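Report on the following structure.
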Amino acid sequence: MVTIAVAARFSPVRTGTVVERDFKALRGSPMFWVFLLSGLLEPLLYLFAVGLGVGKLIGTDILYLGHEYSYLRFVAPGMLAVSSMSGAIAASTYTFYAKLRGSRIFETIFVTPVRAFEIAVAELIWAMVRGMMFSVVFLVVMVVMGLSSTPRLLLNPMTTMTTRKTTLNI
């Protein structure tokens with residue numbers, strides 16, 4: 001009974017407005033490029049440390065499903081997943097807490113007709129968007145470095161999250 005009442009009052013328009021506000025706040029911030037670079041720097045450091053460092057210790061190519069891959073190319077899709085997850089986790093924990101306690105943005109949003117459930121859904125959507133932004137930037141780096149031989153991956157980043165064959169180019 002309660003679920004029906006909440007679903008009946010849920011407004012995708014109000015939820016979209018909160019997501020739009022988050023995007024405009026990020027885009028209008030002078031820290032926009034720092035935000036993108038910070039999401040790229042961590043997985044790149046891991047990629048070079050693990051991929052090149054440990055890859056030199058391993059030395060040989062990795063046999064996976066009948067194909068040989070360098071260790072760096074084998075590890076890159078995992079770093080893509082780490083990039084996406086760390087972006088989403090950062091958006092859904094630290095940023096959410098800062099909006100709640102630090103800048104008190106949610107208090108100002110509650111003055112409008114937006115409900116708490118709609119804010120929660122909007123923040124989850126925003127966390128997914130941030131994770132996707134990090135993974136797209138990292139995917140561009142993978143294509144530029146030659147770790148993915150298919151540049152068409154850039155046209156559909158969702159395939160990298162759903163299919164291991166597309167990411168490894170099997």
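Using only alpha-carbon positions in the range 10-62, the gyration tensor eigenvalues give semi-axes of 40, 15, 5 Å once each is multiplied by 5 and square-rooted (largest first). A Stokes-Einstein calculation at 37 °C with viscosity 0.692 mPa s, built on the Kirkwood radius of the range 21-146 over Cα pairs, returns a diffusion coefficient of 199 µm²/s. For TYR64, the residues whose amide H sits under 5 Å from its own are TYR69, ignoring neighbours fewer than 5 places away on the same chain, with H placed 1.01 Å from N. Here the extension length gained between LEU52 and THR112 equals 16.4 nm, from 0.36 nm per residue of separation less the Cα-Cα distance. Note that the range 41-47 has calculated 3J(HN,Hα) couplings of 5, 4, x, 5, 4, 5, 4 Hz, one per residue in order, obtained from phi through the Karplus relation 6.51 cos²θ - 1.76 cosθ + 1.60 (θ = phi - 60°); glycine and proline are x.
Between MET128 and ALA98, the modelled labels are 2.3 nm apart [label points 7 Å from Cα along Cα→Cβ]. Annotation: peptides 110-120, 73-83, 37-47, ranked by per-residue average of other Cβ atoms within 10 Å with the highest first, follow the order 73-83, 37-47, 110-120.
Here, each number is a calculation from the coordinates, and none is a lab measurement. Since the structure is predicted, the reported quantities are computational estimates derived from the model, not experimental observations. Quick reminder, even Gly has a Cβ in these numbers, built from the backbone with ideal geometry, and neighbours come from all protein chains shown.
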